[in-house]
1. What are the residues in the range 431-464 that are over 13 Å from the mean Cα position of the chain (by Cα), within 21 Å of residue 147 (Cα to Cα) and of a type in the set (Gly, Ala, Ser), if any?
2. I need the full set of residues from the range 146-162 which are open to solvent by less than 10 Å² (accessible area, probe 1.4 Å) and either at pLDDT 95 or above or within 13 Å of residue 89 (Cβ to Cβ) (or both), in order please.
3. Which condition number does residue 120 fail, the rest of (1) at pLDDT 95 or above; (2) under 19 Å from the mean Cα position of the chain (by Cα) being met?
4. Taking into account only those residues within the range 225-249 that are more than 15 Å from residue 431 (Cα to Cα) and without any contact (Cβ under 8 Å) to a residue 60 or more places away in the chain, which is surrounded by the most Cβ atoms within 10 Å (Cβ to Cβ)?
5. Any idea which of 140, 108 is open to solvent by less than 50 Å² (accessible area, probe 1.4 Å), out of contact with any strand residue (DSSP E or B) (no Cβ under 7 Å at 6 or more places or on another chain), within 19 Å of residue 357 (Cβ to Cβ) and not acidic (Asp, Glu)?
6. From the set of residues in the range 117-133 that are in contact with a helix residue (DSSP H, G or I) (Cβ under 7 Å, 6 or more places away or on another chain) and surrounded by 17 or more Cβ atoms within 10 Å (Cβ to Cβ), which is farthest from residue 404 (Cα to Cα)?
7. Tell me whether the range 395-416 contains one or more residues that are open to solvent by 20 Å² or more (accessible area, probe 1.4 Å), among the charged types (D, E, K, R) and not in a helix (DSSP H, G or I).
Amino acid sequence: MIKNGSSYITAIAFFIGLCAIYLLTLKGGIIPALLFACLPAIAIVTAKFCRKQYYFYVFFVINYVITGIDRYIPLKFGMIMLGLTLGIGCLLLLKNIFQVYEWRRGFNALTALWGIWFFYCLFELFNPLAVADAWFIAINGYALFPLISAIIIPVLFTQFKHFHWLLVLWAILSILAALKGYWQKSHGFDSAELYWLFVEGGARTHIIHYGVRYFSFLSDAANFGITMGLSLVVFGISGFFVKTRWIKYLFWLTALTSTYGLLISGTRSAIAVPLVGLCAYAVLCRSFKNLFIAGGILIVIILFLTQTNIGNSNSIIRRMRSAFNKEDASFKVRGINKEKMIPLMRDKPFGVGLGLSGGRMERFAINSKLSELPPDSLLTMYWLETGIVGLSLYLSLLVLIFTQASYIAMFIIKDKRLKNILFSIIAGLAGVFVAAYANDITTYPNGILIYILFVFLFIAPYYDKELTQNEPTT
């Protein structure tokens, strides 16, 4: 039975859109026409009978594995994820016909902040240097998904258990990623992975003098190392505070396997994720004891890597130790590239346009000296594509987001379990954005995962109210 009469407007708009597509595809023959004719019924049935969190869980899994699938079956995964993002929004609007949702939950401080960023990226389409095709490819990861997720996730995940099961799903996926890395190290690469390494050029950065960098079913070793570092921090800390025993053990197992995955990835910047995360967690706890312990561990690790040669026979330790070596060739090349970029960017305060940094220009037949210089990191990429204005705006928004999220976790949340889960997420994300100085952290699955976690930091007060009300009064 239809519960929300006002949502007829959404349904009518949906059917008008499909009819327009239907008419446009008539030239393609009867089969495309029939397929489009079936879409309204399929969408309505899906919206009616599919529970609202389930299709987001499916989206979450696809985001995690899609770059691995692309290695075996070529996919336009950017367009696929954009379509799925919009599809989830459409399904939620259709479900609103049958059930009234609290849309006001989706409009909070995070929505406003990402809205500002979205409008800046929207104006980038009018940048004289921009290419529309590149903009459409890049906009989802840049600004569309952050904004849509900030609106729909609070509506979809109305109870703490929904968030809890998403964490469990993430833990399982992290374990599988680490196990795939172990399989590569123990049994070697399969034919598709060998093709990517030796035909498509992946070996240049993954088979180096320090040894082999393993990448699991993710796009590359850097992406693998960053996601393993994030899951290490979140599940390593959260495992101490979840109540259910099997989930506690699952989280700790995830932290253990993620540590292994981080190490075999050979991603030097990824080591910053647990190190920074540990210190950030200690600060959030506002405990001098925890801060002293975290600081001591950090000092010991840094001294071990910078002042000793212990373990140099191990390729993993040598690789991690090189992260602190300013004479490292890779470190020098990054510095040289940035020095070359500075004069080329002086007359481009708004950048060269979304999706056009580095070698991506060649895809759109753009001749520029910038195309010869790889961005190497998220911050450099945002500088090149959105200019110093865009980079300054993005960093300012991040500071506001982290500040507000930390305030919520430290002073508003009362439930100890939820508070420490939030602390672990903030700590992990802090480490990830420090690692962004040397890596692009927005590739799949990390980009979407990061923006999802940001949303839960802002809607946590709803969960806190639910948990504190359900506590036994004794």
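The values are calculated or read from the model by the stated rules, or taken from the named source; none is laboratory data. Not measured: the values here are computed from a predicted model. Quick reminder, even Gly has a Cβ in these numbers, built from the backbone with ideal geometry, and neighbours come from all protein chains shown. Accessible surface areas use protein heavy atoms only, side chains included; no ligands, DNA or RNA. Shrake-Rupley method; radii C 1.70, N 1.55, O 1.52, S 1.80 Å.
1. Once the filter is applied, which keeps residues that are over 13 Å from the mean Cα position of the chain (by Cα), within 21 Å of residue 147 (Cα to Cα) and of a type in the set (Gly, Ala, Ser), the range 431-464 yields only 460.
2. Selection gives 149, 150, 153, 155, 156.
3. Result: residue 120 passes all but (2).
4. Pass one, the range 225-249, residues more than 15 Å from residue 431 (Cα to Cα): 238-249.
Checking which are without any contact (Cβ under 8 Å) to a residue 60 or more places away in the chain leaves us with 239, 244-246, 248-249.
Working: 239: 20, 244: 11, 245: 8, 246: 9, 248: 16, 249: 12.
Per the stated criteria, the residue is 239.
5. Values: 108 fails: within 19 Å of residue 357 (Cβ to Cβ).
The unique qualifying residue is 140.
6. 130
7. Filtering the range 395-416 down to residues open to solvent by 20 Å² or more (accessible area, probe 1.4 Å) leaves 395-396, 399-400, 402-404, 406-407, 410-412, 414, 416.
If we keep only those that are among the charged types (D, E, K, R) as well, we get 414, 416.
Filter once more, keeping what is not in a helix (DSSP H, G or I): 414.
The answer is yes; a qualifying residue exists.
Table: residues versus (1) small (Gly, Ala, Ser); (2) closer than 23 Å to residue 377 by Cα; (3) surrounded by fewer than 20 Cβ atoms within 10 Å (Cβ to Cβ).
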site	(1), (2), (3)
251	no, no, no
267	no, yes, no
270	yes, yes, no
274	no, yes, no
282	yes, no, no
285	no, no, yes
290	no, no, yes
300	no, no, yes
308	no, no, yes
